[in-house]
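Participant: Before I ask anything, let me first share the structure, which is written out below as structure tokens.
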Amino acid sequence: MTQARTLVAATFPAQHLWTKALIVLGGSLLIALGAQVAVPMWPVPMTLQTLAVVLVGLTAGSRLGAASVLTYLAQGAAGLPVFAGGTAGLVVLAGPTAGFLWGFVALAFAAGWLVERGIARGFWRTLGCTLAVSAALYLPGVLWLTAITPLSLARAAEVGMLPFLAGDAVKAVVAALSVTGAWTALSRRR
């Protein structure tokens, strides 16, 4: 099967190792910036991380998107203040938000995989794909929240999922508009 190109591949056709490293680093920095735009909530803050992660996946593809998230997690584990609220350390990667943080790897990979296969093309299909992969993030997030806190599954879903549904739908629209707009701008440039 011929893979459809990603925005990054269309913009930087010759991807040498150093180009890929810069793309991964840039993706991790975008995610770190998204984490700093937060509405404090307990036990999971509302941030722009999910928007950043899905944008990285949709634009960089499955491998570079997942590598960007893994780099972001490594930066936080190493002590850089990249997590929500400027936090860092291994304790965050095992705390109440860990299911979401580790789930970001799959989120970026899945978004990129859908683009590479030509499934996430055009606004409506990109929106549908973004909504689906964003919704799948709740599975590891809520399950981990149940495992690490005294919350029941229902209560974990109530505090770790329900308050975020509307925001994630808006972020999915923003992501779909951004990516399809970027493709349109790129095609007009050529």
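The values are calculated or read from the model by the stated rules, or taken from the named source; none is laboratory data. Computed from a predicted structure; not experimentally measured. Positions of Cβ are backbone-derived with ideal geometry, glycine not excepted, and every protein chain shown enters the neighbour counts.
Participant: Of the residues Gly76, Gly103, Gly89, Gly85, which is over 25 Å from Phe12 (Cβ atoms), buried (at least 17 other Cβ atoms within 10 Å of the Cβ) and more than 13 Å from the chain's Cα centre (by Cα)?
Facilitator: After applying the criteria, what remains is Gly76.
Participant: Here's a check for you: in the stretch 128-140, which residue that is among the hydrophobic types (A, V, I, L, M, F, W, C) and under 14 Å from the mean Cα position of the chain (by Cα) is nearest to Val44 (Cα to Cα)?
Facilitator: Leu137
Participant: Residue check: is Trp183 aromatic (Phe, Trp, Tyr) and touching a Lys or Arg at 6+ places or on another chain (Cβ under 9 Å)?
Facilitator: Yes, satisfied.
Participant: Within the bounds of the stretch 106-118, is there any residue that is under 16 Å from Ser28 (Cα atoms), among the aromatic types (Phe, Trp, Tyr) and in a helix (DSSP H, G or I)?
Facilitator: yes
Participant: Looking at the stretch 154-177 only, could you name the residues that are touching a Leu at 6+ places or on another chain (Cβ under 8 Å) and free of Cβ contacts under 8 Å to residues at least 60 places away in the same chain?
Facilitator: Of everything in the stretch 154-177, those that are touching a Leu at 6+ places or on another chain (Cβ under 8 Å) and free of Cβ contacts under 8 Å to residues at least 60 places away in the same chain turn out to be Ala156, Ala169, Val173, Ala176.
Participant: Looking at Gly89, Gly61, Gly103, can you tell me which residue is small (Gly, Ala, Ser) and more than 26 Å from Leu131 (Cβ to Cβ)?
Facilitator: Matching residue, one of Gly89, Gly61, Gly103: Gly89.
Participant: Can you pull out every residue in the stretch 15-31 that is outside any helix (DSSP H, G or I) and among the polar types (S, T, N, Q)?
Facilitator: Passing the criteria: only Gln15.
Participant: List pairs: first in the stretch 69-88 and farther than 12 Å from Leu25 by Cα, second aromatic (Phe, Trp, Tyr), Cβ under 9 Å, 6+ apart or cross-chain?
Facilitator: Within 9 Å, the pairs are Gly76/Phe83; Val82/Tyr72; Phe83/Tyr72.
Participant: Another one. Which count do you get for residues in the stretch 32-58 that are farther than 19 Å from Ala135 by Cα, in contact (Cβ under 8 Å) with a residue 24 or more places away in the chain and part of a helix (DSSP H, G or I)?
Facilitator: Of the residues in the stretch 32-58, 2 are farther than 19 Å from Ala135 by Cα, in contact (Cβ under 8 Å) with a residue 24 or more places away in the chain and part of a helix (DSSP H, G or I).
Participant: Quick check, is Tyr138 out of contact with any helix residue (DSSP H, G or I) (no Cβ under 7 Å at 6 or more places or on another chain) and aromatic (Phe, Trp, Tyr)?
Facilitator: yes
Participant: In addition: Looking at Thr126, Thr97, can you tell me which residue is modelled with pLDDT under 95, surrounded by 15 or more Cβ atoms within 10 Å (Cβ to Cβ) and hydroxyl-bearing (Ser, Thr, Tyr)?
Facilitator: Selected residue: Thr97, the only one of Thr126, Thr97 that is modelled with pLDDT under 95, surrounded by 15 or more Cβ atoms within 10 Å (Cβ to Cβ) and hydroxyl-bearing (Ser, Thr, Tyr).
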